[in-house]
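This report refers to the structure that appears directly beneath it.
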Amino acid sequence: MDDKLMLMIPGPTPVPEQVLLAMAKHPIGHRSGDFSKVIAEVTEGLKWLHQTQNDVLILASSGTGAMEAGIINFLSPGDRVLVGTNGKFGDRWGQICDTYGLNATRISAEWGKPLDPEEFRKHLESDTEKQIKAVIVTHSETSAGVLNDLETINRHVKAHGEALIMVDAVTSLGATSVPIDAWGLDVVASGSQKGYMLPPGLGFVAVSPKAWEAYPNAKLPRFYLDLGKYRKEAAKNSHPFTPPVNMFFGLQVALQMMKKEGLENIFARHHRQMNATRAAMRALNLPLFAPDHAASPAITSVAPMGVEAEQIRSVMRKQFDIALAGGQDHLKGKIFRIGHLGFVSDRDILTALGALEATLQTLNYDFTPGAGVSAAAKVLSA
């Protein structure tokens, strides 16, 4: 059956019909007064979502573009930085640092394990000459389904006093609380195709006053990703370049929907669905890849035994038109990942789990039929 694809991946995520309809409107001039009103509304909404009164700047980019912008606008060649790496995206931020000639020290953990905040503390406390200029952390490491302890790591950064904290919140913002002002986060990047319930195309960068103090002295090259240009134009409810106008229409509606649901309800929904999915995996005897205490509310990673991860993904896609994510890099073929991020309802969770049980039967996997759905239903109805 056509047009029945169900996205249960960490991005792109499902998009509500009213957001799609908003994006289908005829575009308007990006220098018009009407578009300035749209920018004003979405900027206010983004500050609400980010829990900040600081700048939240909108780029025509993916989350990677937002992170690159966050790194290059406040640092100079040779600057010493700490980069947390426990998955593909932490590795990527380290590669960006290398590309721009930063002196990057990796603080690593095995994929599927959370970063150890104590390792950050040791490096920061030993930096008596305050040479560390930034600490770069992936909050929700999408490749492994791990939520790193950003709050504790950030406390160690704050005790250092000089270093900026730069955060990849691409799959955490909108799924769990990221209180930027309360924690004093300096640079926070995210992307539209995740918790925002939008297609890919927009990147967001929240910037603190402390980060802006570093901006004039930062020497890395930048032009299109020069956040100073975006800040200057945002103050006038404008944009320095030609933005994807219709994406702004969709963002306007998506933020209205999120405000209607409420921040606490959004976070509670994501955590409830995470717990339901993990309960189902345990009931089906499918080993979870990330530990309970560091599980991401956006994505559940599973390392099946007795059945191949890619076989599961293939049957789910071909027979039920449900897309699950696979493993990346050395985890390819070893894990599959179930997304529960953005515009995902409890019904979607139960539907996907029912299809997963049917898939396991097709693949002759030994389990108790109904166990996964029943375990999830108990969590969802609690």
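Within segment 40-59, the set of residues being in contact with a Phe, Trp or Tyr (Cβ under 7 Å, 6 or more places away or on another chain) and assigned to a helix (DSSP H, G or I) comprises Val42, Leu46.
Quick one: count up the residues across segment 311-359 that are in a loop (DSSP other than H, G, I, E, B), under 23 Å from Ala144 (Cβ atoms) and over 19 Å from the mean Cα position of the chain (by Cα). Please lay out each step first, then the result.
Kept after step one, since they are in a loop (DSSP other than H, G, I, E, B), are these residues of segment 311-359: 321, 327-328, 332-335, 340-345.
After this cut, where a residue has to be under 23 Å from Ala144 (Cβ atoms) as well, the list is 327-328, 332-335, 340-342, 344.
Filter once more, keeping what is over 19 Å from the mean Cα position of the chain (by Cα): 332-335.
So the count comes out to 4.
Identify, please: which residue in segment 40-72 is surrounded by fewer than 17 Cβ atoms within 10 Å (Cβ to Cβ) and either more than 17 Å from Ser238 (Cα to Cα) or of a type in the set (Lys, Arg) (or both) and is, among those, nearest to the chain's Cα centre (by Cα)? Top of the filtered list is Trp48. Within segment 335-348, residues that are on the phi > 0 side of the Ramachandran plot sit with their Cβ atoms under 7 Å from residues that are in a loop (DSSP other than H, G, I, E, B) and surrounded by fewer than 24 Cβ atoms within 10 Å (Cβ to Cβ), at 6+ positions apart or across chains, in these pairs: Gly342/Pro14.
Out of Thr368, Thr359, report the one residue that is surrounded by fewer than 17 Cβ atoms within 10 Å (Cβ to Cβ) and among the hydroxyl-bearing types (Ser, Thr, Tyr). Give the derivation first.
Numbers: Thr359 fails: surrounded by fewer than 17 Cβ atoms within 10 Å (Cβ to Cβ).
Testing whether each residue is surrounded by fewer than 17 Cβ atoms within 10 Å (Cβ to Cβ) and among the hydroxyl-bearing types (Ser, Thr, Tyr) leaves just Thr368.
Only one of these conditions is not met by Ile58: (1) in contact with a His (Cβ under 8 Å, 6 or more places away or on another chain); (2) not assigned by TED's automatic domain parsing to the domain that holds Leu173. Which number is it? Among (1) in contact with a His (Cβ under 8 Å, 6 or more places away or on another chain); (2) not assigned by TED's automatic domain parsing to the domain that holds Leu173, the lone unmet condition for Ile58 is (2).
Taking the stated definitions as given, is His239 at pLDDT 95 or above, surrounded by 18 or more Cβ atoms within 10 Å (Cβ to Cβ) and closer than 30 Å to Asp346 by Cβ?
Details: at pLDDT 95 or above: yes; surrounded by 18 or more Cβ atoms within 10 Å (Cβ to Cβ): yes; closer than 30 Å to Asp346 by Cβ: no.
No.
Restricting attention to segment 246-296 and to residues that are hydrophobic (A, V, I, L, M, F, W, C) and in a loop (DSSP other than H, G, I, E, B), the residue that is farthest from Leu115 (Cα to Cα) turns out to be Leu284. Of all residues in segment 16-39, exactly one satisfies the criterion of being of a type in the set (D, E, K, R), closer than 15 Å to Glu233 by Cα and not in a helix (DSSP H, G or I), namely Arg31.
Within the bounds of segment 156-173, is there any residue that is basic (Lys, Arg) and at positive phi? Reasoning before the result, please.
Going through segment 156-173, the residues basic (Lys, Arg) turn out to be 158.
Next, only the ones that are at positive phi stay: none.
No: zero hits.
With the requirement that a residue be crowded, with 23+ Cβ neighbours inside 10 Å and outside any loop (DSSP other than H, G, I, E, B), what does segment 195-229 give you? Explain how you work it out, then say what you get.
Within segment 195-229, the first condition is being crowded, with 23+ Cβ neighbours inside 10 Å, and the residues that meet it are 195-198, 202-207, 211, 227.
Result: Gly203, Phe204, Val205, Ala206, Val207, Ala211, Leu227.
Look through segment 147-176, keep the residues that are in a helix (DSSP H, G or I) and crowded, with 23+ Cβ neighbours inside 10 Å, and return whichever of them is nearest to the chain's Cα centre (by Cα).
As a first pass, look at segment 147-176 and keep what is in a helix (DSSP H, G or I): 150-160.
The next check asks that each one be crowded, with 23+ Cβ neighbours inside 10 Å; those that pass are 150, 153, 157.
Working: Leu150: 13, Ile153: 18, Val157: 21 Å.
The residue in question is Leu150.
Remark: Met8 falls outside the filter, which requires a residue to be surrounded by 15 or more Cβ atoms within 10 Å (Cβ to Cβ), under 20 Å from Gln193 (Cα atoms), more than 20 Å from the chain's Cα centre (by Cα) and touching a residue at least 12 places away in the same chain (Cβ under 8 Å).
The values are calculated or read from the model by the stated rules, or taken from the named source; none is laboratory data. The structure displayed is predicted, hence computed values, not measured ones. Positions of Cβ are generated from backbone atoms using ideal geometry, with glycine treated the same way; all protein chains shown enter the neighbour counts.
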